[in-house]
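Notes to accompany the following structure.
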Amino acid sequence: MNRENFGSRLGAILAAAGSAVGLGNVWRFPIETGQNGGAAFIIIYILCILLLGLPVMISEFLIGRYTHTNTAGAYRILSKGSKWHWLGKMGVYTGWFILCYYAVVGGWTLHYTYLSLTNAFSGVKASDFGNIFNDFVSNPWIPLLWFYLFILLTHYVITRGVQSGIERSSKILMPTLFIIVVFLAVSSVMLPGASAGVEFLLRPDWSKVDSKTIIEAMGQAFFSLSLGMGCLCTYASYFDKTTPLGKTALHVSVIDTLIAILAGFIIFPSVFNIGMNPNEVGVGASLTFISLPNVFQQALGEGSLMSIIFSAFFYFLLFVAALTSAISLHEVATAYVTEEFNMTRNRGASLVTIVVLVLGTLCSLSFGPLSNIKILDRNIFSMFDDLSGVILLPIGVMFISLFAGWRLDKELYRNEISNHGDIETPYFKMLIFSLRFMIPLAILLVFLDQLGLFKAIFK
Ligand code: PHE
């Protein structure tokens, strides 16, 4: 089959970085850092990336580039008749599944960009931002329309193909994202009283570091690097054979971490400027859509031009970050149906989009008309979110590292990461050790912690 590759090394890096840089960088990392010892947390996080994240990323890259096919096909080729081929399928369906709710949030970022531009937050009482958000998500129509717009944009990029769709959009969107992040961070740091926010984010406080901190840093590192499913493996199947895998993984991780840290510089100086307690801003959707619109209004002047610009750029930034991640999620499933079921790219992409439209609609409506449908005490949206983030992704990371560490031929592994001897790989032994022992053990700890066992033993 005629298969496209990325046209340039930069394009490949930016596409993979687009997958990694997502909502997680903005709505989770900064607040986790602030509450878990600032620079101490950042150091632990970077260690997690180097020791645990990079080996998995390099392995996913290797599996994709070596097999040069979609994720399900890749594991099938490498597992030669064993049960490991399920790992590839699981990666595909996990990505497809995540896209269903991730794109709903993508729609929310568009709505909030629109609200910012129309100055809708001006004059709203601090206590009313929660109602604005709840009224919006429980409305049966408006969130759906934004979600449809978001997924259609994603669909459009995917149907344009690997080079003119994914690569080209990454080359435009990632630099745009970076410029917006720097602009917002600089504006925020220049606010009066901002230094307290910077201190909150950066002052190392090792007394706050305990087993929980390390577990949070690990979970965040895996999610933020888009590991544990098919995204990076699929993108790497479009790398050409000379792409240096270790270096590319390092570049992607550095970009992802840098953006996450800069996101903290956007959020905390403004929070401190208005004298708000950083432990009360919340995390995830409540931080992003309830606390921050209020913080930006008050820090930059109610209804002022600066507050409109700042807030609109902030939600647009979230939109861009979510879009490039959604594109990578969509591509996992599109490559799979196209190649495994012999469809044209347009057909394959349409099938993926239709499934996401149906399931995403259920997720979106689960805040309104379908809110009484509960599975394990969660609405449909949270069920999708928890099942993927808490169960499927960690299991994916664990088995990918076991697969790469134990099952893959070591000679093949070394040949691939060294591009057949062209690149020095002094880290090879360490990498295999991490894949075989450290990562599986780390994930086991994450699971034990989630089950509450860890707390019972150590506290
Ligand atoms: N890395 C993305 C983020 O930080 C989320 C993501 C996870 C995207 C898995 C694709 C695959 O938000």
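The values are calculated or read from the model by the stated rules, or taken from the named source; none is laboratory data. It should be emphasised that the depicted structure is a prediction, and the values quoted were computed from it without experimental measurement. Glycine gets a Cβ as well: all are built from the backbone with ideal geometry, and neighbour counts include every protein chain shown. SASA here: full protein model, heavy atoms, side chains in, ligands and nucleic acids out. Shrake-Rupley method; radii C 1.70, N 1.55, O 1.52, S 1.80 Å.
Of everything listed in (1) under 30 Å from Met343 (Cβ atoms); (2) part of a helix (DSSP H, G or I); (3) out of contact with any Leu (no Cβ under 7 Å at 6 or more places or on another chain), the single unmet condition for Cys48 is (1). The single condition among (1) open to solvent by 50 Å² or more (accessible area, probe 1.4 Å); (2) assigned to a helix (DSSP H, G or I); (3) of a type outside the set (Val, Ile, Thr); (4) farther than 28 Å from Thr344 by Cβ that Gly123 does not satisfy is (2).
One residue stands out among those in segment 206-218 that are under 30 Å from Gly88 (Cα atoms) and surrounded by fewer than 24 Cβ atoms within 10 Å (Cβ to Cβ): the one that is farthest from the ligand (Cβ to nearest atom), which is Ile214.
Applying the set (1) touching a residue at least 60 places away in the same chain (Cβ under 8 Å); (2) closer than 27 Å to Met430 by Cα to His85 leaves exactly one unmet item: (1). Scanning segment 1-26 for residues that are closer than 17 Å to Met57 by Cα and not in a helix (DSSP H, G or I), we see that the one that is farthest from the ligand (Cβ to nearest atom) is Val21.
Just to be sure before I move on: is Tyr315 among the aromatic types (Phe, Trp, Tyr), open to solvent by less than 10 Å² (accessible area, probe 1.4 Å) and touching a Leu at 6+ places or on another chain (Cβ under 9 Å) in the structure I sent?
Working: among the aromatic types (Phe, Trp, Tyr): yes; open to solvent by less than 10 Å² (accessible area, probe 1.4 Å): yes; touching a Leu at 6+ places or on another chain (Cβ under 9 Å): yes.
The answer is yes for Tyr315.
Within segment 27-71, the residues that satisfy the criterion of being farther than 21 Å from Ile261 by Cβ and within 16 Å of the ligand (Cβ to nearest atom) are Val56, Ser59, Glu60, Phe61, Ile63, Gly64, Asn70, Thr71.
Just to be sure, is Phe129 touching a residue at least 40 places away in the same chain (Cβ under 8 Å) and either under 19 Å from the mean Cα position of the chain (by Cα) or over 30 Å from Ile391 (Cα atoms) (or both)? Don't jump to the end; show me each part of the working.
Details: touching a residue at least 40 places away in the same chain (Cβ under 8 Å): yes; either under 19 Å from the mean Cα position of the chain (by Cα) or over 30 Å from Ile391 (Cα atoms) (or both): yes.
Yes; evaluated as a whole, the condition is true for this residue.
Report the residue count in segment 208-250 for those that are in a loop (DSSP other than H, G, I, E, B) and of a type in the set (Lys, Arg).
Looking only at segment 208-250, we keep the residues that are in a loop (DSSP other than H, G, I, E, B), and these are 209-210, 225-230, 237-244.
Within this subset, residues satisfying the condition of being of a type in the set (Lys, Arg) are 241.
Looking only at that region, the number is 1.
The residues of segment 282-307 that are more than 18 Å from Val186 (Cβ to Cβ), of a type outside the set (Gly, Ala, Ser) and open to solvent by 20 Å² or more (accessible area, probe 1.4 Å), listed by number, are Val283, Ile290, Gln298, Glu302. Quick one: would you say Ile255 is β-branched (Val, Ile, Thr), open to solvent by 10 Å² or more (accessible area, probe 1.4 Å) and within 28 Å of Ser170 (Cα to Cα)? So Ile255 fits the description; yes.
Any residue in segment 156-169 that is open to solvent by less than 70 Å² (accessible area, probe 1.4 Å), more than 16 Å from the ligand (Cβ to nearest atom) and among the aliphatic types (A, V, I, L, M)?
So in segment 156-169, the residues open to solvent by less than 70 Å² (accessible area, probe 1.4 Å) come out as 157-159, 161-162, 164-167, 169.
From what's left, more than 16 Å from the ligand (Cβ to nearest atom): 159, 161-162, 164-165, 167.
Okay, now just the ones that are also among the aliphatic types (A, V, I, L, M), so 162.
Yes, because at least one residue in segment 156-169 is open to solvent by less than 70 Å² (accessible area, probe 1.4 Å), more than 16 Å from the ligand (Cβ to nearest atom) and among the aliphatic types (A, V, I, L, M).
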